[in-house]
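Here, each number is a calculation from the coordinates, and none is a lab measurement. Predicted model only: the values in this text are computed from it and were never measured. Cβ placement follows ideal geometry from the backbone for every residue including glycine, while neighbour counts extend to all protein chains displayed.
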Amino acid sequence: MRDGNAALVEHGFISEQQQQAGTKTWHDSEKAMAFGLVLGLTGDQWIALTGILAGAAGAIGGLLFSYFNGRAERIEARTLARHSRLHTQRLDAYAQLAAFLERERLFVERTEPEIGLGEPQPPPEPLDEEEWLSMQGRVAVAGSDAVSDAVGEAHRCAHVFAAAVWHYNAMRDRTQNLYAPGGPREKMDDARRVALDAIDAAERVMRDELADL
């Protein structure tokens, strides 16, 4: 119909307006035929058509559900994998940090130990600056801000204790009030307790973080 009208326009038998009117009439007749076919369906044919449409809708719905459900599972799997890697990285880093802190604990406990605690054991060497920097580097890469702060506080308190030990030894032969209230010995023992509490706090923060991952 459309090709024939184009030929008639080309040879001058009809105008373009007549061609467009004929094309519209042809489209309208197509729609009417399709509508007539639908209206002409029998009851069984309607049931069959409804089943086909329902099946198609169900298939599309199933595909959409599978896509979004699979996407959610992939996201969850990636999240679990990230948490697992983070837990492994932090467990390794915090285990090494705890070893450093336990060495520092022995230094604090065994250096000029409190009177009445049994036979004194020689203390290990305190951590030097390079070892502390190495430990802080591991915290910066794999640790949290809370652990970094707690380890830094433990380092500060251990340093204060070492200074109190130096002052105690320096005053040993210079004063008769070495063991007086508020004297060098009491200040050193107070600094020891603060340092040990700070080490305990740092290790507790690491344990709590690993438990929550």
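Take 129-136, 187-194 and order them by the average number of nearby Cβ atoms within 10 Å per residue, most first; the result is 187-194, 129-136.
Give me the extension gain from Lys187 to Glu102: residue separation times 0.36 nm, minus the current Cα-Cα distance, reported in nm with one decimal. Show your work: numbers first, answer last.
On the way: separation 85, 0.36 × 85 = 30.60 nm, distance 2.25 nm.
Gain in length upon complete extension: 28.3 nm.
Ordered by the count of other Cβ atoms within 10 Å of each Cβ, fewest first, Val151, Val160 give Val160, Val151. With each label modelled as a point 7 angstrom along the Cα→C-beta vector, the Leu213-Asp92 pair spans 1.1 nm. Label reach from Gln121 (point 7 Å along Cα→C-beta): in the stretch 91-113, amide nitrogens under 13 Å belong to 102-111.
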